[in-house]
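The values are calculated or read from the model by the stated rules, or taken from the named source; none is laboratory data. Small disclaimer: the values here were computed from a predicted structure and weren't measured. Every residue, glycine as well, gets a Cβ built from its backbone with ideal geometry; the counts of neighbours run over all protein chains shown.
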Amino acid sequence: MGVERTTHDPRALKLDDPTIYERADVHRMRDVLTGFPAQCRTAAELVPIPAVTIPRPRVVLVAGMGGSASSGDLLAGCAAERLDVPVIVHRGYGLPTMAGERDLVIASSYSGDTVESLSAAEAALSRGCPLVAVTSGGRLAALARERGVPRVTLPAGLMPRMALGYLFFPLLGILKSADLHVVKAAEIDEAFSVVDALAGELHPARPTATNEAKRLARAIGDSLPVVYGGPITGTVAYRWKTDLEENAKTFAVAGVLPEMNHNEIEAWSAPLARQLSLVLLRDGEEGREIARRFGLLRELIGSGAAGVVEASTRGDSVIARLLSLASLGQWTSYYLAILRGVDPWSVPVLDALKGRMRSHH
Ligand code: F6R
């Protein structure tokens, strides 16, 4: 990572003071983040009940919202290079018009009570699509029970966005039972060891000097993070944005190269650019053209920004690369919440909106 700000920030030591976490993180999100590798391992063993054998589909649709949709993004990222069947992530009510009985629908909702995902599951049933539910309970679990839909039951009690491992790994098994082989066993093992290493390196006990997530959070500080990824890391850039929004309660922008070179790049001439941090998500396999574009981006807009930081994927396989970067984003948004003095766990406005929507039913 290249952090280009070395000012003597009075908050510099804040993240290395162990007492800050007791005060600022009362729900102990740090324990959930530290347990991410264990979560991934447990999740890889979770299978649908009753067991499924699904005919090879024309399209895979992962229907979910927020944290429960980003597992679909990871799946699509892993599948893009390997499958001849598209994986489409559907965020919203119902299903796209094209969805029919030759398509596999996975309804993903950690709580099981997200109305958009429930409506997607209903649409799948009424159109005769093979359907699998991935949830910890709620109305989606009830619907699965009543209608005989195979269901992967996830351990409950987490915030959905903290359940990325639980939500993601079972998708690989579901696709496998539809004759779609997204990852090899060795690649899953590599992903486990990459997230193992990160859990140690990014833990609060690791001082800022050697803790990449703390350094990234400090570099972002009070600025507004603008996170750009490339062809592989683009969907993870979006995940960084949502983690920054929900955990650190900050606005964040996400974009993808090369597309942003054709539009958003121009917005950096606005005075607001001085308050923005450019966060570049790099990947060893991004290719020469994309690497050049990242370099040019630094030159053309980096000097006008509040700061420029880079983070990179780890590992060889796509699954390890995407998970490592998503994990770094989770920790970075966590430390930013601590720095800014906000509770990383609770999402009161999001909860209020869900409650108000329910009360009108
Ligand atoms: C909250 C979070 C949200 C939820 C979303 C959908 O931690 O990440 O983005 O994921 O509101 O809820 P679920 O995942 O329960 O279907």
> Assuming ILE220 fulfils every condition listed in (1) within 16 Å of the ligand (Cβ to nearest atom); (2) surrounded by 24 or more Cβ atoms within 10 Å (Cβ to Cβ); (3) among the hydrophobic types (A, V, I, L, M, F, W, C) apart from one, which condition is it?
Replying inline: (1)
> Conditions: (1) surrounded by fewer than 19 Cβ atoms within 10 Å (Cβ to Cβ); (2) away from the ligand (no atom under 16 Å from the Cβ). LEU353 meets all but one. Number of the miss?
Replying inline: (2)
> Looking at the range 278-297, which of its residues are within 20 Å of THR332 (Cβ to Cβ), more than 20 Å from the chain's Cα centre (by Cα) and not aromatic (Phe, Trp, Tyr)?
Replying inline: LEU297
>> Considering only residues that are in contact with a Ser or Thr (Cβ under 8 Å, 6 or more places away or on another chain) and closer than 14 Å to ILE54 by Cβ, which ones fall in the range 152-177?
In response: VAL152, LEU171, SER177
> Between residues in the range 114-140 that are touching a residue at least 12 places away in the same chain (Cβ under 8 Å) and residues that are crowded, with 21+ Cβ neighbours inside 10 Å and of a type in the set (Lys, Arg), which pairs lie under 9 Å by C-beta distance while being six or more apart or on different chains?
Replying inline: VAL132/ARG151; ALA133/ARG151; VAL134/ARG151; THR135/ARG151; LEU140/ARG151
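State yes or no: is GLY200 without any contact (Cβ under 8 Å) to a residue 12 or more places away in the chain, under 22 Å from the mean Cα position of the chain (by Cα) and away from the ligand (no atom under 16 Å from the Cβ)?
Working: without any contact (Cβ under 8 Å) to a residue 12 or more places away in the chain: yes; under 22 Å from the mean Cα position of the chain (by Cα): yes; away from the ligand (no atom under 16 Å from the Cβ): yes.
So GLY200 fits the description; yes.
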> Taking only pairs six or more apart or across chains, which ones have beta-carbon atoms under 6 Å, a first residue in the range 56-77 that is free of Cβ contacts under 8 Å to residues at least 12 places away in the same chain, and a second residue that is more than 14 Å from the ligand (Cβ to nearest atom)?
Replying inline: none
> Does the range 109-123 contain any residue that is away from the ligand (no atom under 16 Å from the Cβ), buried (at least 22 other Cβ atoms within 10 Å of the Cβ) and within 18 Å of ALA178 (Cβ to Cβ)?
Replying inline: no
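Looking at GLU286, GLU266 in this structure, which one is acidic (Asp, Glu) and out of contact with any helix residue (DSSP H, G or I) (no Cβ under 8 Å at 6 or more places or on another chain)? Spell out the reasoning first.
Numbers: GLU286 fails: out of contact with any helix residue (DSSP H, G or I) (no Cβ under 8 Å at 6 or more places or on another chain).
Checking each option against the conditions leaves just GLU266.
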>> Pull out all pairs, ordered by first then second residue, where Cβ-Cβ is under 6 Å, the residues are six or more apart or on different chains, the first lies in the range 27-41 and is among the hydrophobic types (A, V, I, L, M, F, W, C), and the second is modelled with pLDDT under 95.
In response: none
> Going by the structure shown, is LEU328 outside any strand (DSSP E or B) and over 13 Å from TRP240 (Cβ atoms)?
Replying inline: no
> Hey, among the residues in the range 333-361 that are of a type outside the set (A, V, I, L, M, F, W, C) and outside any helix (DSSP H, G or I), which one's nearest to LEU158 (Cα to Cα)?
Replying inline: SER346
> How many of the residues in the range 170-197 are closer than 22 Å to ASN247 by Cβ and either within 16 Å of the ligand (Cβ to nearest atom) or among the hydroxyl-bearing types (Ser, Thr, Tyr) (or both)?
Replying inline: 0
> Limited to the range 145-167, what total is found for residues that are over 15 Å from ASP113 (Cβ atoms), of a type in the set (D, E, K, R) and in contact (Cβ under 8 Å) with a residue 24 or more places away in the chain?
Replying inline: 1
